[in-house]
């Protein structure tokens, strides 16, 4: 019987980001040097998962808030783009490769999560096909490089959860969020706009299409900052914004709500917002990115950070 370690390869290296470790390191250093540390350290961040050409600079604002000296475990929650999932799934791998260095999965936490019966096992092929978690691995490796032998990761693929399931997973993960040595990375782009995304919401009062998209995204970002899962759910029902990481965000908001019941207060703020392109006509497309998250046909990307107060 083989004892070979199961490794997930960096399957999107060379396409979504460079496969050269030295080039990747220089890129990440450059983006991080342009970002500012605010009130840290972050307990949770929301950051985009598009190709680094589109969102690398945006994501830096979120990762700049990470304190490697206290972080010992990094949970990475990403949406499933290719495989239908009604629950959450865990990887069969023990190690995730990056062009910088390998990241090891926390097998003790994985064992505890398996015991709950709430998780499926994804195949290695499904894991390597998916980009929502992988796009955060190089940034995680870079942010944690000064303590690279002292931390582990907990990748979780999040399916199309119902509101009640988001609440269940939020409650389950809240005890980990309460621990200051744990960091949560929520992988999400914001509005995917255009015919190819079957989403063309347009509020003409905002001006050009890209400004309507930004207004829609920032409305959602403001609601996320309230840390109220019900308000976020109502926003999605009303506008149907194509935020691809809406379910991981929902899990985080429910985890925060659970902690609030136990007297742990948190605050959340977005630090940056970018679009992969500026839509000006119906033939355009974009994704939005916020530090919290983006996408862009147009994609929008946000960066953010979540801090705790006791």
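The values are calculated or read from the model by the stated rules, or taken from the named source; none is laboratory data. Source: prediction; values computed, not measured. Neighbour counts run over all protein chains shown; Cβ positions are idealised from the backbone, glycine included.
Which residue pairs have Cβ atoms closer than 6 Å, lie 6 or more positions apart in sequence or on different chains, and pair a first residue in region 252-268 that is under 19 Å from residue 156 (Cα atoms) with a second residue that is modelled with pLDDT under 95 and assigned to a helix (DSSP H, G or I)?
Listed pairs, sorted by first residue: none to list.
Quick check on my filter: what residues within region 178-195 are touching a strand residue (DSSP E or B) at 6+ places or on another chain (Cβ under 6 Å) and either farther than 28 Å from residue 95 by Cβ or part of a helix (DSSP H, G or I) (or both)?
190, 191, 192, 193, 194
For the subset of region 144-161 comprising residues that are part of a loop (DSSP other than H, G, I, E, B) and in contact (Cβ under 8 Å) with a residue 24 or more places away in the chain, which member is surrounded by the most Cβ atoms within 10 Å (Cβ to Cβ)?
144
Take residue 100 and decide whether it is in a loop (DSSP other than H, G, I, E, B) and surrounded by fewer than 22 Cβ atoms within 10 Å (Cβ to Cβ).
Against the criterion (in a loop (DSSP other than H, G, I, E, B) and surrounded by fewer than 22 Cβ atoms within 10 Å (Cβ to Cβ)), residue 100 qualifies.
In region 120-141, is there at least one residue being in contact with a strand residue (DSSP E or B) (Cβ under 6 Å, 6 or more places away or on another chain), in contact (Cβ under 8 Å) with a residue 40 or more places away in the chain, assigned to a loop (DSSP other than H, G, I, E, B) and buried (at least 20 other Cβ atoms within 10 Å of the Cβ)?
For region 120-141, residues in contact with a strand residue (DSSP E or B) (Cβ under 6 Å, 6 or more places away or on another chain), in contact (Cβ under 8 Å) with a residue 40 or more places away in the chain, assigned to a loop (DSSP other than H, G, I, E, B) and buried (at least 20 other Cβ atoms within 10 Å of the Cβ): present.
I'm trying to understand the selection: among the residues of region 196-225, which are part of a helix (DSSP H, G or I), farther than 30 Å from residue 74 by Cα and without any contact (Cβ under 8 Å) to a residue 24 or more places away in the chain?
Residues satisfying the conditions are 204, 205, 206, 211, 212, 215.
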